[in-house]
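These notes are about the structure you will find just below.
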Amino acid sequence: MEALFDSHVHFSGGDTPGYTMQEQLDRAKERGVQQLVAVGGSCDLNASAFKAAERAPQHIQAAIGFDRDQDAEMASAAAMRDATERLARVVGSAGDLGVRVCAIGEIGLDYHYTPETRERQMDLFDAQCALAVELGLPVIVHSRDADADTLAVLRRYAKGGATSLQGVLHCFTRDLAFAEELIELDFYISFSGIVTFRNADALRDVARQLPADHLLVETDAPYLAPVPHRGRRNEPAFVAEVVQKLAEVRAVSFDEMARVTTANAQRLFRFPVS
Ligand SMILES: [Zn+2]
């Protein structure tokens, strides 16, 4: 069985029966999911990402950061940047804790509900991209109704800009032009369970056309369970359904799709190659 890599998991929700971290990881392993990034974005999510990454650094590493609107209202960009830096440095230097921070994230812009916080969100996003450069880490980026601003910030730091920040646009749902601009910046495009949804033909069309060496897969668990698990709580095991759909769309085998997306994620996040 080819190893699968879920590039985006949130272990929120604590120890719901049937969904403890261990139960989810066991089911993931049964489906071949060998490695994953436990993703933060708030104080709570950062803490649960660390907790997951403590278990098995060969298999799970943490992304930490402060995410867009809800937190942009809480504190200044500078304060949140400092908080992220402290977390990354403490954990990064404490090798005996056995935890590795492999990315800053998720971070980014979301104007869907709070367009009025645009400036604060941009400040926070920019500050955390700058921090990622300083720490030599990639970023995991969320962008909703904010394509132009997302590109504007990334262009300052990514390939062709002042530095060569790398990262991934997670849970991609936009058009081919946006994806191509990101790939031009040497960013990766990550597809979630949305690519399996019945009404997602346009997205599948984008997924068909992108270069294989810039594709990642994710669940974004606990949200967005793929077909045929819709309506249930999502979990890392279900990344197999995303790989299966991408394989179908791109007319390659499941194993080939698994191999490529796992290798891409291992390269971007500098995971041990199994
Ligand atoms: Zn997420």
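Here the relative contact order of the chain, from alpha carbon pairs under 8 Å that lie six or more residues apart, stands at 19 percent. Mind checking which lysines have their C-alpha under 21 Å from K29, skipping anything on the same chain fewer than 8 residues away? Excluding near neighbours in sequence, the set is K51, K245. Using the Cβ of D6 as centre and a radius below 11 Å, the other residues enclosed give a net charge of -2, where K and R count +1 and D and E count -1.
Only helices reaching 18 angstrom along their own axis (Cα) with mean Kyte-Doolittle hydropathy no lower than 0.0 count here, and for the DSSP H runs of the chain these are 77-93.
For the range 173-263, trypsin sites (Lys or Arg not before Pro) are listed when DSSP marks them as loop and at most 14 other Cβ atoms sit within 10 Å of their Cβ; the list is R198, R230, R232. Distance from the alpha carbon centroid of the range 1-34 to that of the range 241-259 works out to 20 angstrom.
Using the Cβ of V168 as centre and a radius below 10 Å, the other residues enclosed give a net charge of -2, where K and R count +1 and D and E count -1.
Readers should treat all values here as calculations from the given coordinates under stated rules, not as data from a laboratory. Being a predicted model, the structure only gives us computed values, none of them experimental. With ideal geometry, Cβ positions are generated from the backbone for all residues, glycine too; neighbour counts draw on all protein chains shown.
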